[in-house]
Amino acid sequence: MYWSVISVVALSCGGTALAQTNSVPAADADATGTSTNVANLGNIIVIGRLNQAREQIVPSIGATVYALNQTQIKAQSQGANAPFNELILRAPGVAQDSAVNGDLHVRGEHANLQYRINDVLLPEGITGFGLELDPRFVDSMQLITGSLPAEYGFRTAGVVDIHTRTGAFEPGGVFDLYGGSYDTFRPSFDFGGRQGKWDYFVDGIYDQNSLGIENPTPSKNAIHDQTEQYKAFVYASRILSDTSRVSFMGGASYSDFQVPNTPGLPPGTSPDGSTQWSSQMSTTNFDSSNLNENQNEQNYYGIAAYQQSAGDLNYQVAAYGRMSGVHFTPDPVGDLYFNGVASDVKRDLYSGGLQADASYALGDRHTIRAGMMLLDEYLSANSTTTVFPVDSSGNPTGPAYPIPDSSVSHALFAGVYLQDEWKILPEVTINY
């Protein structure tokens, strides 16, 4: 059973009450008519128009779309406290992997999902136990599958398109305290507002529980399975003119996981089973429930985007960067005792790139779209593996010793597209 205590602080700006939507609001009957209120209302209208124009740049023509808005998220089980993957899992055609990280399969495809925030690609990170995205900053999201238009690039099993909340439409803040079974304690907050031509939104969450990873035993309570996770997201946007704006988005997640233990494991032996690994160790007895393996996961990303809508021409240019890291630390004695090997493994992935998308309405029947994407990735892999020397039969012949290893990999992705949306009939469109 879960308990949840929520305290809400709502702040109004300029006497204007706003619905939680990204549509363009009508003038408020309570507006005072001062220049500040007029300016605020004008800025909100510009933001709404730019949001609508952005949808014309990267549409989902011909694809199958499952949409979810903030109201629907809050109405579902656990609301905004649900893991992000569970929001997608409720869509048709989505199944969960049996792996402990809960990877998703869309229409039978293995992973290969693409994530976008405000129509900007989020580079792929290193897969771990935790989730870096949180439903709190989602205003609306779509799972786009099927026959995808060219602008969606390389990963085509499905596209998770997230539109973020903004302080222009949701001024004020919320503090939420959520908890329950498995020692779950999850305080969180979000706050948004606007100041002149700026609007902003920020949220943060701390999560701890005693079931960080899937329990490997049939008992209710896992052994050595604590987790602590921190997540944050920030969005800021400034109107430059009636037709343009610049936006900044950033996110961070920092997670620590204990790897759960299985009690009662027998001592590990060489491949033929004749010799225990412990024969070359000073430790002659080890309780497997006392193993101490841990994993640290970190993800950070930042996006800067410029958007302009000038008549029939709409375009957005964005630069993005991301750092993703995973560090597994073994039990230096226990892993040797049971497995004959203890590996300290660290992986760091650095990504950066540029994305540009544009659309131009060519008369009533044609909309031309073009764009490009450039993504540069650098992977650093470092490990120290402690092993026993062995004879030709695989039996240990001496004390364990460390073997360090390091490598780097580099990848470059680039793509361009040009397409035409041709409305040959009022109800028939060809996109090529």
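Observations, loosely collected:
- For segment 275-299, taking the residues that are of a type in the set (D, E, K, R) and within 31 Å of the chain's Cα centre (by Cα), the one that is surrounded by the most Cβ atoms within 10 Å (Cβ to Cβ) is identified as E297.
- Subset of segment 245-256 that is buried (at least 18 other Cβ atoms within 10 Å of the Cβ) and hydroxyl-bearing (S, T, Y) - its residue that is nearest to Q208 (Cα to Cα): S255
- Top-ranked residue of segment 257-274 - restricted to ones that are touching a strand residue (DSSP E or B) at 6+ places or on another chain (Cβ under 6 Å) and over 16 Å from I223 (Cα atoms), ranked as surrounded by the fewest Cβ atoms within 10 Å (Cβ to Cβ): P267
- Q307 of a type in the set (S, T, N, Q), touching a His at 6+ places or on another chain (Cβ under 8 Å) and touching a residue at least 24 places away in the same chain (Cβ under 8 Å): no
- Residue ID - nearest to T284 (Cα to Cα), chosen from residues in segment 393-423 that are part of a strand (DSSP E or B) and either among the charged types (D, E, K, R) or out of contact with any strand residue (DSSP E or B) (no Cβ under 8 Å at 6 or more places or on another chain) (or both): D405
- Any chance I430 is over 30 Å from G302 (Cα atoms) and either free of Cβ contacts under 8 Å to residues at least 12 places away in the same chain or outside any strand (DSSP E or B) (or both): yes
- Members of segment 339-359 found to be surrounded by fewer than 21 Cβ atoms within 10 Å (Cβ to Cβ) and either among the aromatic types (F, W, Y) or outside any strand (DSSP E or B) (or both), listed by number: N339, Y350
- Qualifying residues in segment 178-221 (those that are at pLDDT below 95 and among the hydrophobic types (A, V, I, L, M, F, W, C)) - the one surrounded by the fewest Cβ atoms within 10 Å (Cβ to Cβ): W198
- Test for R165: is it surrounded by 20 or more Cβ atoms within 10 Å (Cβ to Cβ), charged (D, E, K, R) and under 28 Å from E377 (Cα atoms): no
- Test: E151 is among the charged types (D, E, K, R), in a helix (DSSP H, G or I) and in contact (Cβ under 8 Å) with a residue 40 or more places away in the chain: yes
The values are calculated or read from the model by the stated rules, or taken from the named source; none is laboratory data. Quick caveat: nothing in here was measured; it's all calculated off a predicted structure. Quick reminder, even Gly has a Cβ in these numbers, built from the backbone with ideal geometry, and neighbours come from all protein chains shown.
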